[in-house]
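Comments concern the structure below.
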Amino acid sequence: MVNPEKGKILEDLLRLSPGANEADRRQKISVWLGSNGISNWIEYPIKEGRADIHLQHRHCIIETKTHVQLNKGIHTRGTGAREKESAYQQLCRYVESDRSQLRLDSMKLSWLGVITDGRRWHIFEWPLLGDGDKVNEIYRCEALDRERAARIAQILERNNYGKPWVPDNIKEEFDPYKEELMRMYRRMSVIKEIKTKKKLWLAQLKSGGNAPSEEDADDLFVTHTLIILISRMATNRRDREDLYEGFAGWVRERGDDIIKRLQNKVSHFNWAATQGDILRLLYEKTVDPSQRQLYGEFYTPDWLCEKIVCDTVDTRYMVSEARKFLKKIPINGILDPSCGSGTFLYYAAKRIIESKDVQAVFRDDEKLHNFALQMITGIDIHPVAVEMATANIRRILNTRKQVRIYQGDSIMLPHEDISLYSSVGQDILTVFTPKNHMLKIPLKFLEKDSNIKRFVSAAANGDKSLPDDLVARLGKSDMEQLIDAYKTMLKVVKDEGNDVWGWYINNQAKPLLLSRGNKAGRIVANPPWVLIRKMDWDADTRRHVKQLSERLGLWPGGKDAPNFDVSALFVSRCIEKYLVGGGRSSWVLQESALKDGKAWSTIRKKHGSRMTTWALGTTAFNRPSCVLLMGQGRAASYLYVSGCRFDGHETWNAVKPQIRIKRDREKFKWSRSEWYSGPSSMLARSGATIIPSPLVRIQNITEENPRSLTIETIPTAHKRWRIVGALSGTIPKSFAKDCVFSTDLIPFHIPTTSKCVIPVQGTSWIHNRKKVQFWSDACQIYGAHRKDGNPETLEGNLDSTGKLIYQLRNNKNMVVYNKAGSRLYAALNHEKHIVDRTIQFVLCRSEKEAWFLCSVLNADCLQDAYRATKQNPLDYVRFFWEKIPIPRYDPKNDVHVKLSGLGRQAHLTVRRGYAEDTCLKARKSSLGMLRESGHMEKIDLQVKKILPGFSR
C-alpha cells in the first residue's frame with residue numbers, strides 16, 4: 001500500500017511549475033528523496049562550491065537547474081555556475097572535486113552525478129578506480145511520472161558506503177543527552193570538585209568580558225560540557241584522562257553510563273567525511289542565539305578565512321619553514337590568537353598539506369602532517385572554542401596527536417576577581433583559585449607540559465614532597481618558589497579538588513611562553529569586535545587596559561574613552577608579543593578600522609606603508625567589515641569587495657564568481673536629486689520605532705477567536721529588556737497590525753510581514769485601549785524599564801516625533817527601502833502596512849511614479865553610487881538623495897515610462913517565483929531570478945540613459 005504522505009510529496013514534485021525557481025525545485029527534490037529513505041544535504045559545501053544536493057554516503061551529487069536552463073541543454077555554455085560553463089562541466093567539476101577531497105573512492109561503489117529540473121533527469125556514472133576515465137550517462141528521463149520516479153529512486157538509493165554522515169539536524173540527535181546531563185548535574189552540583197570546575201568555567205567566560213546571567217549559567221555549563229565531550233569523541237579521544245580533561249571532567253563522577261551511550265552515538269557518524277566546520281554548526285544550533293550574541297561569538301565565514309589564508313600564508317614562506325623543520329631548526333609558524341572554532345587554522349593546515357611545493361619537500365605524508373601540526377597554533381579565551389578548534393584540526397590532519405591550541409588570554413591582562421585571576425611576573429605565573437589560594441609557579445618549570453600534570457598528581461596522591469627530577473634542573477630561586485607552590489597545591493587539592501588544575505595552569509601559561517619562545521611568522525585572526533564600555537571588566541582590569549593602550553599610543557581619552565575599540569589593542573598587542581620581525585598578519589575587523597580615530601589611525605600609520613585593506617561592506621557579516629593585511633605588498637593598497645552577503649559555509653571558489661573587486665574608491669560628481677529641496681522638506685522619512693520587542697512584537701498566536709487573539713511576544717537579548725522575557729495575554733484582533741521590517745523586504749516585493757501590537761484604528765489611537773490588560777501591563781513595564789532620555793510612555797515611543805501617526809495618514813503610493821546594508825532593496829507598499837524604523841519610505845504622486853522609483857533604487861548599475869554616498873558605514877538613510885540626481889517621474893519621458901513598466905513586471909516576476917526562505921536567501925534568489933529573466937539588464941539599460949555618470 002502506498003503511503004499517502006509519500007504519494008502527496010511525489011505529486012508536489014510532478015506538479016512543479018515551469019516558472020518555479022531553482023531553490024523551490026531543490027527543496028521539493030530533497031523532500032521527495034527523504035520520503036524514499038534517501039538522506040541528503042542541501043547546499044553541501046565542497047572545495048569547488050556548494051553542491052545543490054549531496055547524497056552523503058552514497059557517492060552522489062545532484063545539481064538542480066531551472067526549466068529555462070535545461071531547455072538550453074546541459075552542454076550549453078552559460079548553464080553552469082561559472083561564466084561560459086555548461087551544466088555538465090559544472091557537475092564534472094563538483095564530482096571530481098568531491099572525489100579528490102574526500103578520498104573515499106572505493107572499488108565497491110562508483111560515483112554518480114545528476115542534472116535535473118525536477119521533471120527532466122540526466123544521471124551519469126563515473127568509473128571505479130582502474131576502470132578508465134569514461135563518464136557514462138546511465139539514465140535519462142524527459143518527463144517525470146510515477147514509474148520513472150520509482151526507477152530514479154531505485155538508482156539513487158544504492159547501497160550505503162561506510163557510516164552515515166553527520167545529519168543536518170544534528171541538534172535533535174543530541175538533545176536527549178543534554179537533558180540527561182542536566183538532570184545529573186542538578187544531583188551533583190553540591191560536590192566540591194564540581195563547584196570548583198563550574199567556578200573556573202564561569203571565571204574564564206568573565207575574563208573574556210562577559211558571563212552568562214545567574215539563571216542561564218547552569219544550562220550553558222551543561223551545554224558547553226556536552227559540546228566538549230562530542231568534540232573529543234568525534235576525533236577518537238577515548239582515553240579516560242584525555243576525555244575528562246578540564247572543567248567538563250565533572251561527568252566522570254557518576255556519568256559512565258551516559259558517556260558510554262554518548263560515545264556510541266557519536267561513533268555512529270562519519271565525522272571525518274563531512275566537509276566544513278561541522279562542530280561550529282553543532283555549537284550554533286545548540287547554544288541559544290541570544291547567548292551567542294551576548295558573548296560576541298560571531299564566526300568568520302569559511303570563504304573569507306580561506307581567501308585570507310591563501311593571501312597571507314604564501315608558498316615561499318611555507319617551503320622555507322618546511323626546510324627548517326627537516327633540519328630540526330625552530331620554525332616560525334602560523335598563529336590565530338582568537339581562534340574560535342579553528343576555521344583559520346583549519347584552512348591553514350589544509351593549505352599546507354595540499355601544497356604541491358610543500359609536498360615535494362617531504363615526499364612523505366606522515367612527515368608532512370607532522371609539519372602541519374607543528375606549524376599551527378591557536379589561542380582562545382573561550383573554553384568550548386578551544387575544543388572545537390582542536391577537533392577540527394585533528395579531523396583535517398587525521399591525527400590523535402597533541403594539537404597546539406590553548407585556552408588563555410592572548411593579550412595577557414590580569415583579571416582581578418574574587419573567584420579567580422592569573423597574573424604574570426617576569427618569571428612567575430600567579431594563579432588565584434576560587435577559594436583565594438595563591439599559586440606562584442616558575443615559568444621555567446611550565447615549559448614542559450608534563451611537569452604541571454605530575455606536580456598536581458603528586459599533590460593529589462598526598463606526597464609530602466615533589467619528585468627529585470621535577471626540581472633538579474631549576475635554579476635555587478625557582479626551586480624554592482616551586483616548593484612553596486607545592487605546599488599551597490596540597491591545600492588546594494584538599495579544599496577544592498584536584499583533577500582540573502594541571503589542565504588549567506598549563507593553558508594559562510601558554511600565551512606567555514609563546515611570546516617568549518619562537519614567534520609566529522604569520523598571524524591570521526578575527527579579534528573580538530567590542531567597545532570597552534560593553535566589557536564586564538572590574539576597575540583594575542580597565543585600568544590595565546588603559547595603561548597598556550596609552551603605552552601603545554592607542555588610548556583616545558576624554559569623551560571617546562568609553563567607545564575605545566578593544567580589537568585595536570588586541571591587534572597591536574598580538575603583533576608586539578607574537579609576530580617575528582618581518583612577519584605578516586591579517587585581521588578581520590569592523591569597518592571603523594578604515595576610518596578616523598586615534599587607535600586605528602596610529603595602527604595604520606605604523607603599518608600603512610606595507611598594508612593592504614579590503615573593504616568588505618556586508619558581504620561577510622551583517623555589519624560592515626574590513627580586512628587589514630599587514631606586511632604584505634610594497635605599498636599601501638585598497639580593495640573594495642562588493643556583492644550580497646554570502647552564507648557562512650560557502651567556499652572561496654563558490655563566492656569568487658559572485659563578487660566584484662575594485663582597486664580604487666569610486667569617484668562621482670555629486671548633484672542633488674529632484675526629490676530633495678532641503679533637509680526639512682526631504683520626502684524620504686523613517687518608519688516608526690516598533691520596540692521593545694517583548695512589549696509589541698508578536699512571536700506566536702496561540703489561540704484565535706472571532707474578536708480576540710491570545711498571543712506571546714518575542715523575547716530579546718538586549719540587557720535592558722532581557723529580564724522581561726516574553727509576554728503573553730489576550731488582545732482584540734484590531735490591536736494586531738501587519739508591520740514591515742527591513743528583514744521583510746526583498747527587491748520589488750514585500751513577501752512577509754511581522755505581527756505587532758499597535759492599538760490604532762484608522763489614523764489615531766483606539767480610545768479605550770488602556771482597558772485591555774495586556775496593553776496596560778505593557779505600558780507599565782515600559783515605564784519601569786525605559787532608559788532615561790527615551791520617551792516617557794510606550795505609545796510615545798511608538799509614535800516618536802510623530803513617525804507612526806504620520807504614515808497612518810500618508811500611506812498612498814509608498815515606496816519603502818532598507819535603511820542599512822550593502823545594497824538597496826526597494827518595493828511598493830501595496831497593502832499600506834505600518835513600516836518600522838529599519839525602513840525608509842517615500843510617498844509618490846502616482847503608482848506609475850512608485851514603480852519608476854522602485855526600478856531606479858533596485859538597479860544593479862547604481863549600487864556602487866548608492867554605497868559611496870554613505871556617511872556612516874551602516875546607514876543609507878537619506879544621503880543619496882542629496883548626491884545622486886534622481887529625477888521625478890515624467891509621464892512624457894519614454895525612458896521613465898519604460899522604467900515604470902519594468903518595475904511592475906519585476907514585481908510580478910519576484911512575487912510568482914518567491915519561495916519561503918530566510919531574508920538573505922530570498923534576496924539572493926530574487927536577484928538571481930531578475931538577472932536570469934533579463935529584467936535587471938533591461939532596467940540597467942534605461943537607468944544608464946537618465947543617470948549616465950553614476951551607472952557602473
Given Val877, Val897, which one is surrounded by 16 or more Cβ atoms within 10 Å (Cβ to Cβ), modelled with pLDDT under 90 and β-branched (Val, Ile, Thr)? Val877
Looking at segment 240-276 only, could you name the residues that are at pLDDT below 75 and among the β-branched types (Val, Ile, Thr)? Thr274
Just checking: which of the helices (runs of 4 or more DSSP H) contained wholly in segment 303-407 hold 3 or more residues that are surrounded by fewer than 24 Cβ atoms within 10 Å (Cβ to Cβ) and either hydroxyl-bearing (Ser, Thr, Tyr) or within 27 Å of the chain's Cα centre (by Cα) (or both)? 315-326, 343-354, 383-397
In segment 900-909, residue farthest from Thr743 (Cα to Cα) [restricted to those that are surrounded by 17 or more Cβ atoms within 10 Å (Cβ to Cβ) and small (Gly, Ala, Ser)]: Ser900
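Considering Tyr806, Tyr817, which residue is assigned to a helix (DSSP H, G or I), aromatic (Phe, Trp, Tyr) and closer than 30 Å to Gln863 by Cα? Can you show your working first?
Details: Tyr817 fails: assigned to a helix (DSSP H, G or I).
Selected residue: Tyr806, the only one of Tyr806, Tyr817 that is assigned to a helix (DSSP H, G or I), aromatic (Phe, Trp, Tyr) and closer than 30 Å to Gln863 by Cα.
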Quick one: is Ile746 of a type outside the set (Ser, Thr, Tyr), touching a residue at least 60 places away in the same chain (Cβ under 8 Å) and in contact with a Leu (Cβ under 7 Å, 6 or more places away or on another chain)? no
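Return the residue satisfying two criteria in turn: it lies in segment 834-869 and is charged (D, E, K, R) and over 18 Å from Leu941 (Cβ atoms), and of such residues it is surrounded by the most Cβ atoms within 10 Å (Cβ to Cβ). Walk me through how you get there before you give the answer.
At the first step, the residues of segment 834-869 found to be charged (D, E, K, R) are 836-837, 845, 847-849, 860, 864, 867.
Then keep just the ones that are over 18 Å from Leu941 (Cβ atoms); that gives 836-837, 845, 847-849, 867.
Details: Asp836: 24, Arg837: 16, Arg845: 11, Glu847: 14, Lys848: 19, Glu849: 20, Arg867: 21.
Here the answer is Asp836.
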Which count do you get for residues in segment 668-695 that are at pLDDT 70 or above, outside any loop (DSSP other than H, G, I, E, B) and under 24 Å from Leu862 (Cα atoms)? 2
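Being at pLDDT below 95, more than 15 Å from Ile939 (Cα to Cα) and not in a helix (DSSP H, G or I) is the requirement here; does Glu831 meet it?
yes
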Please enumerate the residues belonging to segment 457-495 that are assigned to a loop (DSSP other than H, G, I, E, B) and among the aliphatic types (A, V, I, L, M). Leu466, Ala472, Leu474
Could you tell me whether Thr838 is free of Cβ contacts under 8 Å to residues at least 12 places away in the same chain and among the hydroxyl-bearing types (Ser, Thr, Tyr)? no
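For (1) surrounded by fewer than 18 Cβ atoms within 10 Å (Cβ to Cβ); (2) modelled with pLDDT of 85 or more, each residue gets a yes or a no:
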residue	(1), (2)
Trp201	no, no
Ser207	no, no
Ala211	no, no
His224	no, yes
Arg238	yes, no
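If you scan segment 640-667, which residues turn out to be outside any helix (DSSP H, G or I), of a type outside the set (Gly, Ala, Ser), at pLDDT 65 or above and surrounded by 15 or more Cβ atoms within 10 Å (Cβ to Cβ)?
Initially, segment 640-667 is screened for residues outside any helix (DSSP H, G or I), giving 640-651, 659-667.
From what is left, the residues that are of a type outside the set (Gly, Ala, Ser) are 640-641, 644-647, 649-651, 659-667.
Checking which are at pLDDT 65 or above leaves us with 641, 646, 649-651, 659-662, 667.
Of everything in segment 640-667, those that are outside any helix (DSSP H, G or I), of a type outside the set (Gly, Ala, Ser), at pLDDT 65 or above and surrounded by 15 or more Cβ atoms within 10 Å (Cβ to Cβ) turn out to be Val641, Phe646, His649, Glu650, Thr651, Ile659.
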Expected single match for in contact with a helix residue (DSSP H, G or I) (Cβ under 6 Å, 6 or more places away or on another chain) and of a type in the set (S, T, N, Q) among Ser601, Ser549, Ser567 is Ser549
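Looking at Asp364, Asp357, can you tell me which residue is farther than 19 Å from Ile228 by Cα and without any contact (Cβ under 8 Å) to a residue 12 or more places away in the chain?
Working: Asp357 fails: without any contact (Cβ under 8 Å) to a residue 12 or more places away in the chain.
None of the other options fit; the residue is Asp364.
Tell me whether segment 424-444 contains one or more residues that are at pLDDT below 80, assigned to a strand (DSSP E or B) and either over 25 Å from Asp242 (Cα atoms) or under 38 Å from the mean Cα position of the chain (by Cα) (or both). Talk me through it step by step, then tell me what you get.
First, pick out the residues of segment 424-444 that are at pLDDT below 80: 424-427.
When the remaining residues are screened for being assigned to a strand (DSSP E or B), the result is 424.
Next, only the ones that are either over 25 Å from Asp242 (Cα atoms) or under 38 Å from the mean Cα position of the chain (by Cα) (or both) stay: 424.
Yes: segment 424-444 contains one or more residues that are at pLDDT below 80, assigned to a strand (DSSP E or B) and either over 25 Å from Asp242 (Cα atoms) or under 38 Å from the mean Cα position of the chain (by Cα) (or both).
What is the residue count in segment 910-923 for residues that are surrounded by fewer than 20 Cβ atoms within 10 Å (Cβ to Cβ) and either free of Cβ contacts under 8 Å to residues at least 60 places away in the same chain or out of contact with any strand residue (DSSP E or B) (no Cβ under 8 Å at 6 or more places or on another chain) (or both)? Explain how you work it out, then say what you get.
Here is the first cut: in segment 910-923, the residues surrounded by fewer than 20 Cβ atoms within 10 Å (Cβ to Cβ) are 911-912, 914-921.
Filter once more, so that each one left must be either free of Cβ contacts under 8 Å to residues at least 60 places away in the same chain or out of contact with any strand residue (DSSP E or B) (no Cβ under 8 Å at 6 or more places or on another chain) (or both): 912, 915-918, 920-921.
Within segment 910-923, residues that are surrounded by fewer than 20 Cβ atoms within 10 Å (Cβ to Cβ) and either free of Cβ contacts under 8 Å to residues at least 60 places away in the same chain or out of contact with any strand residue (DSSP E or B) (no Cβ under 8 Å at 6 or more places or on another chain) (or both) number 7.
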It is to be established whether one or more residues within segment 735-742 are surrounded by 14 or more Cβ atoms within 10 Å (Cβ to Cβ) and at pLDDT below 75. no
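The values are calculated or read from the model by the stated rules, or taken from the named source; none is laboratory data. Model, not experiment: these values are computed from the prediction. Glycine gets a Cβ as well: all are built from the backbone with ideal geometry, and neighbour counts include every protein chain shown.
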